Amino acid sequence: MPNFNDFQFRKQPWYDASTIRDLIPTFIPMKTIVVYCFDPRASEIPKKVAEHFGEIYPGENIIDEHGSRVGHTATLFTVSNAGGRAVAALQSVSTMEFLFRMQNVVVVHHSFCGATAFTADGIIDAFHHDHGADISKSYDHDSLCIEDYEKSLKYDVELLRASPGVPKHFNLYGLFYNIDTGELTEVVRDIPARKPA
Ligand SMILES: [Zn+2]
């Protein structure tokens, strides 16, 4: 069996902890994360968001002379979860800020999402009934379902804005996606005021 840890960045001879964060953004020009639902009917969302904001997605690998994948051209990364909720993306946003010094987070909720088929208390009660389990404290209550699209998008943008893991200069957006027409509509926009140069 190979030593899988030979495939770590930290194990490479060129690795330098003091410069790695300057180097990583030169591998991939990543600047935006799109958070969206993993419903397969909504799988076009990252591409639509890239078109909307003039970003590159899916992009392509950059290959060196040894055939190694040393970079990528994508500027947009994706986080996919049930409902496309921001709470489940926070760790990814903080990690990508640390590695790439990113700029934008785009949350997208879509039409006829499964998360609109129940209420938060409905799923909590069902777990009590079906599994004898209490999940009421396990997850953020208002992120469990979508009761109102404008409210869920506003909630997610505000949740990102309030998180210490999301730098204050980030631009935050909440968009609605119609899975039948492919139309993307900007519902919430939170752009911090820039200091005059
Ligand atoms: Zn969905």
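The values are calculated or read from the model by the stated rules, or taken from the named source; none is laboratory data. Worth saying up front: this structure is predicted, and the values here are computed from it rather than measured. Counting neighbours? That spans all protein chains shown, and the Cβs are built from the backbone with ideal geometry, glycine included.
Residues in region 173-191 that are free of Cβ contacts under 8 Å to residues at least 24 places away in the same chain and within 20 Å of VAL93 (Cα to Cα): ARG189, ILE191. Here the condition is being among the basic types (Lys, Arg) and loosely packed, with under 15 Cβ neighbours inside 10 Å; of LYS154, LYS195, it holds for LYS195 alone. Residue count for region 103-117 satisfying the condition of being of a type in the set (A, V, I, L, M, F, W, C) and away from the ligand (no atom under 12 Å from the Cβ): 3.
Out of all the residues in region 52-67, is one or more within 16 Å of the ligand (Cβ to nearest atom) and under 16 Å from ILE179 (Cα atoms)? No, the conditions are met nowhere in region 52-67.
Using the structure shown, decide if GLY182 is modelled with pLDDT of 95 or more and closer than 19 Å to MET96 by Cα. First the steps, then the outcome.
Numbers: modelled with pLDDT of 95 or more: yes; closer than 19 Å to MET96 by Cα: no.
When the stated conditions are applied, GLY182 does not pass them.
Residues considered: PHE53, PHE100, PHE9. Of these, the only one that is in contact with a helix residue (DSSP H, G or I) (Cβ under 8 Å, 6 or more places away or on another chain) and under 30 Å from SER152 (Cβ atoms) is PHE100.
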